[in-house]
Amino acid sequence: MIEQITQILTTQSGELLQALGQHLEISLLALLIAAVIGIPLAVILMTHQKLAEAMLQVTSVLQTIPSLALLGLLIPLVGIGTVPAVITLVLYALMPIFQNTYAGLSGIDPALKEAEVAFGLPRAKRLLRIELPLAMPLIISGLRIALVMIIGTATLAALIGAGGLGTFILVGIQSNNNALLLVGATLSAGLALVVSALIRWLGMLSFKKITLSLAIFVGLFGVIEGIVRFQTPQTEITIAGKLGSEPEILMNMYRDLILADRPQYKVSVKPNFGGTTFLFNALKADKIDIYPEFTGTVLQTLVKSPTKTNQNPVKTYRHAQQALQTQFNMAYLSPMHYQNGYDLAVSAVFAKKYNVRTISDLAALNRPFTAGFDPDFYHQKDGYQGLKQTYHLNLDAKIMEPSVRYKAIADGKVDVVDGYTTDAEVARYKLVVLEDDRHFFPPYQGAPIMKAEFAKKHPEVVKALNRLADKITENEMQQMNYQVQVKHRKARDVAHDYLIEKKLITK
């Protein structure tokens, strides 16, 4: 474990620093906005006790809403990336900041307030010279609590493409790489401790020095943001993908193919971005430009398709391509060779004990075996929802992250898992894939999906990505997944090596 951590720190130092910077940027921006809202609001409501109590209740309720639910509610309104992440963090930070500011101001001795009035001090001077300095210890305490909370919650920003240290945690979970997970979690905790100590030190300064320090910080923050945005290149392409090693491998192939022809472009890769519907909505909203999608999923989940999905891969692709063009004005490029279809798998011990070889055999047992399914498979029509109707399955299904469900079946925690035909874990854990004897699962060939407008504007990108047409076999994909998930190689290195080996790029 120590060797793995050392290797990560030495080989991925650049990515770690970038993620650390993103995490800090999101956290400080959220804290700043929450402070700008929470502190003045507490000052204003000082003379309106009932409104202040109502505000306390509202901010308390906001904290009871799961952060993932808040992100999901915000995405249709403001899109993906940094904006919904910051809004969510601001909502979480409001309560401790508002509550502590209000408590600090309310706790000032009434006799002192009467003396202020008796001396004829204007309201603004009373607030700035006496009341806020006296309340400052509690205000600083509220800021510290809020910031620690923000930094911990900000790890979820990686799920919606905002980056940060959560990226390493997610990749660690997906690839079963505990060293990567530990590095991300430790850096997140360390960042919280360091920044909390800085705020505590800030609280020891005088009110004037605190105000000056905050003004300098806000100014520097604005200047840095301006420089970064000014230097953004004209052509920027964002490629995203679902959870798991395979989408990340494909995304990096897309990136390398584009950069091989257009090295001046800035191509951003956002792995572990979310589920099918989430990604498709992000594409429609112009928050991302490209992501890899599979033909069966297009027809079963994304488009309105009155007819049953054809079992012929060529016809399925053409149907999906036409439906995307007609219904959403989307371009669906030529697919790769391999099919990454869904399957159900059980352990070898389970298969032997109950003599099951097909999904029909499992259904015939008519027992509520425990199943671990990833979120996409559980909710989609081409997944469990359609499968249980076709086979009349009686399973106690639980939602699990992809890598977790395989570990669960290996440890005997669940009896059945969903998977893909290219998953490395099937061989790793010696699982038995049940035959889809009623041919429920449609063909699944992967191909880049993008807006037709984007494809027309960037024919060079279309040309580059079409080099993958009819490439990659199931065995090749399974081996690449094995390299990432079991050997813990970087997805981008595995993708790059494949493109070099197949002479799709030169370097």
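The numbers here are math on the coordinates, done by the rules we state, and not lab data. Everything numeric here is computed off the predicted structure, so don't read it as measured data. Note that we place each Cβ from the backbone using ideal geometry, even for glycine, and neighbour counts take in every protein chain shown.
Here are some notes:
- Protection proxy ranking of 489-498, 262-271 - average other beta-carbon atoms within 10 Å, highest first: 489-498, 262-271
- If both residues of a DSSP beta bridge must be in segment 342-434, then about 55% of such bridges are antiparallel.
- Rounded to 0.05, the FRET efficiency of the Lys503 and Val433 pair, given R0 = 30 Å and the Cβ-Cβ distance, is 0.35.
- Lys, Arg +1 and Asp, Glu -1 on Cβ, resulting dipole of the chain about Cα centre, debye, nearest 20: 620 debye
- Local charge for Gln380 was computed over the other residues whose Cβ lies under 14 Å away, with Lys and Arg +1 and Asp and Glu -1, and equals -2.
- Centroid-to-centroid separation of segment 342-401 and segment 127-167 [C-alpha atoms, Å]: 44 Å
- Prolate/oblate/rounded call for segment 348-437, Cα gyration tensor, a/c under 1.5 rounded: rounded
- In a simple Cβ point-charge model (Lys, Arg +1; Asp, Glu -1; nothing else charged), segment 248-369 has a dipole of about 320 debye relative to its Cα centre.
- Sorting the segments 242-249, 317-324 by their mean number of nearby beta carbons within 10 angstrom, highest to lowest, gives 242-249, 317-324.
- Over 28 Å apart at the Cα level, from the set Lys242/Lys456; Lys284/Lys457; Lys284/Lys487, are Lys284/Lys487.
- 28 Å tail of the calculated P(r), the chain, as % of Cα pairs: 61 percent
- Pairwise FRET efficiency - Gln63 versus Lys388, Cβ, R0 = 35 Å, nearest 0.05: 0.45
- For segment 359-376, 3J(HN,Hα) computed residue by residue from phi via the Karplus equation (6.51, -1.76, 1.60; θ = phi - 60°) reads 5, 4, 4, 5, 5, 5, 5, 6, 10, x, 5, 7, 10, x, 10, 6, x, 4 Hz, glycine and proline entered as x.
- For the chain, the 222 nm mean residue ellipticity estimated from helices alone, with every DSSP H stretch of n ≥ 4 adding -39500 (n - 2.57) and the total spread over all residues, rounds to -19000 deg cm²/dmol.
- Per-selection Rg to Rh, segment 36-104 - Cα, Kirkwood hydrodynamic radius: 1.04
- Other residues whose C-beta falls under 14 angstrom from the C-beta of Glu293 contribute a net charge of -1, scoring Lys and Arg +1 and Asp and Glu -1.
- Three-way shape label, segment 279-344, alpha-carbon gyration tensor, a/c 1.5: prolate
- For segment 1-34, there are no residues whose amide N sits under 12 Å from a probe point set 7 Å from the Cα of Arg200 along the beta carbon direction.
- Local electrostatic count at Ser360 - Lys and Arg +1, Asp and Glu -1, tallied over other residues with Cβ under 15 Å: -1
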